[in-house]
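Novice: Here's a structure for you.
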Amino acid sequence: MDLAAVRTVVAVARTGQFQQAAAELAITQQAVSKRVAALEKDLGVRLFTRTPRGAELTIDGQAFLPHARELLRAADRALACVRPGHRALRVEVINRRIATATLLREFHGAHPDVELDVVTLAEAGTDTAVAAVRAGTIDAAFRAVGAPSTSAAAAVDGLWGVAVRRILDEPHQLLTGPWHPLAAARSVTPAQLVGHRLWIPGILPGTEWGAYYAELAAAFGLGIDAIGPNFGTEHLLDALADSATLATLVGAGTRLVWPAQHDLRRIPLRDPTPVYPHSVIWRRDNPHPALPALLRYLRDAAAPRPARPDGAVWTPTWAA
């Protein structure tokens, strides 16, 4: 359906005059008549009756008018959603509990006028996120990015058209229940974790977090177990609270809440501290006006975030 003709019909119905509608639309009266006639031909009905007082809607015209107005409202919404500054800034995070999601919440608090659309690409690695940024389906993504050709699992060789900036090295912590042998420790070293079962359900082969934990386990001889169904964070916390043998690893910036009776312990890792290398990915030619504000915030903001620890740290060899 010709939306210009629909807009013309609505203008005639509102003004009651072909001449006034022409002035309002900045076209000739002849063009108004041609548009209305063409739409009437397409619909197979008369929309207006000419009277000495002007143009009056027929019964069919009265039935068509509310739908015509809705068509124009839908068209206006469709245009507005893709105009710079009118569409929400679409940002991808792996998980809404982790440190980068907290950074995004802090950005929203500092810039409440910026509309955000926070998404997750389920069961997808960095390559998928990079492809989505490049295609324009998301404006930015928070990921651990591998330097080209350094890791088959995590490397992103096709970084053409996108930019990457390392924004946060997040320390890892040991999370245990109250009955675990290390529960009373003020801190532990990776060497002290040898022989303990570290359960991290949901690790997916071929993802950057899978590559991170694989290299961490190999570097320190750790037993990281991803076996078993992943019923979510709450189930993991329940299992830790009831076990004297299970533990897991969590980022220092991961937001976790558990019942008081669980009495879980978050214990810093030291000498060295494993840190997870978060980066932001975006397209340099992305015209969204809110994207520079997000990038400036990630670079400059003094908002609370997990600080890179003093002393020795460990990062995967592939981290860009």
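Novice: Please list 3J(HN,Hα) in residue order for the range 188-205, calculated via the Karplus relation 6.51 cos²θ - 1.76 cosθ + 1.60 where θ = phi - 60°; whole Hz, with x for glycine and proline.
Specialist: So the J values, rounded to whole Hz, are 9, 9, x, 4, 6, 8, 4, x, 8, 7, 9, 9, 10, x, x, 6, 9, x.
Novice: Right, next: Need one number: convex hull volume per residue for the chain, Cα atoms only, in Å³. List each step's numbers first, then the result.
Specialist: On the way: hull volume 63.8 nm³, N = 320.
Hull volume normalised by residue count: 199 Å³.
Novice: Pick out which of F18, F142, F231 has the largest mean-square fluctuation in a Gaussian network model of the chain, springs linking Cα atoms closer than 10 Å.
Specialist: The residue that fluctuates most here is F18.
Novice: A follow-up question, please. What is the sum of charges around D285, taking Lys and Arg as +1, Asp and Glu as -1, for the other residues whose C-beta is under 13 Å from the C-beta of D285? Spell out each step's value before the answer.
Specialist: Values: positive: R134, R283, R284; negative: D139.
With Lys, Arg at +1 and Asp, Glu at -1, the neighbours total +2.
Novice: Right, next: Just order 269-279, 310-320 by mean Cβ neighbour count inside 10 Å, highest at the front, would you?
Specialist: Details: 269-279: 21.3, 310-320: 16.0.
Ranked from most to least packed, the peptides come out as 269-279, 310-320.
Novice: A further question follows. Pick from G54, G210, G228 the residue whose mean-square fluctuation is largest in a GNM of the chain, springs joining Cα atoms under 10 Å.
Specialist: In this elastic network of the chain, the residue with the biggest mean-square fluctuation among G54, G210, G228 is G54.
Novice: Among L294, L57, L103, which one shows the biggest mean-square fluctuation in a GNM of the chain, springs joining Cα atoms closer than 10 Å?
Specialist: In this elastic network of the chain, the residue with the biggest mean-square fluctuation among L294, L57, L103 is L57.
Novice: Please name whichever of W314, T100, V32 sits farthest to the positive end of the charge dipole of the chain, dipole taken about the Cα centre and charges placed at Cβ: Lys and Arg +1, Asp and Glu -1.
Specialist: Highest projection toward the positive end goes to V32.
Novice: Say R0 is 22 Å: what FRET efficiency, to the nearest 0.05, do T28 and A4 get from their beta-carbon distance? Walk me through the intermediate numbers first.
Specialist: Working: r = 14 Å, r/R0 = 0.62.
About 0.95, to the nearest 0.05.
Novice: Taking Cα centroids, how far is the range 50-66 from the range 155-197 in Å?
Specialist: Measuring centre to centre over Cα atoms gives 71 Å.
Novice: Would you compute, from DSSP H runs of 4+ residues alone, the mean residue ellipticity of the chain at 222 nm, taking -39500 (n - 2.57) per run and dividing by the full residue count, rounded to the nearest 500? Please report the intermediate quantities before stating the final value.
Specialist: Details: 9 runs with 112 residues, N = 320.
Dividing the helical sum by the residues of the chain leaves -11000 deg cm²/dmol.
Novice: State the answer as a single residue: which of F231, W199, T273 lies farthest towards the positive end of the charge dipole of the range 173-297, with beta carbon charges of +1 for Lys and Arg and -1 for Asp and Glu, about the Cα centre.
Specialist: Looking along the dipole axis, the top candidate is T273.
Novice: Sorted from largest to smallest, which semi-axis lengths in Å does the alpha carbon gyration tensor of the range 222-320 give for its equivalent ellipsoid, taking the root of 5 times each eigenvalue?
Specialist: Working: eigenvalues 207, 67, 48 Å².
Listed largest to smallest, the semi-axes of the range 222-320 are 32, 18, 16 Å.
Novice: Show the residues, 5+ positions off or on another chain, whose built amide H is closer than 5 Å to the amide H of D225.
Specialist: Amide H neighbours of D225: L198, W199, I200.
Novice: So if I place +1 on the C-beta of Lys and Arg and -1 on the C-beta of Asp and Glu, and nothing else carries charge, what would the dipole magnitude of the range 5-115 be about its Cα centre? I want it in debye, nearest 20. Display every interim value, and only then the final one.
Specialist: Numbers: 17 positive and 11 negative charges, 19 e Å.
Roughly 100 debye, rounded to the nearest 20.
Novice: Now, a different point. So, in nm, how far is label T137 from label D271 when the simple model puts each one 7 Å beyond its Cα toward the Cβ?
Specialist: 4.8
Any read-out appearing in this document is the output of simple, stated calculations on the displayed coordinates, not a laboratory observation. All values reported here derive from a predicted model rather than from experimental measurement. No Cβ is skipped: glycine too gets one built from the backbone with ideal geometry, and neighbour counts run over all protein chains shown.
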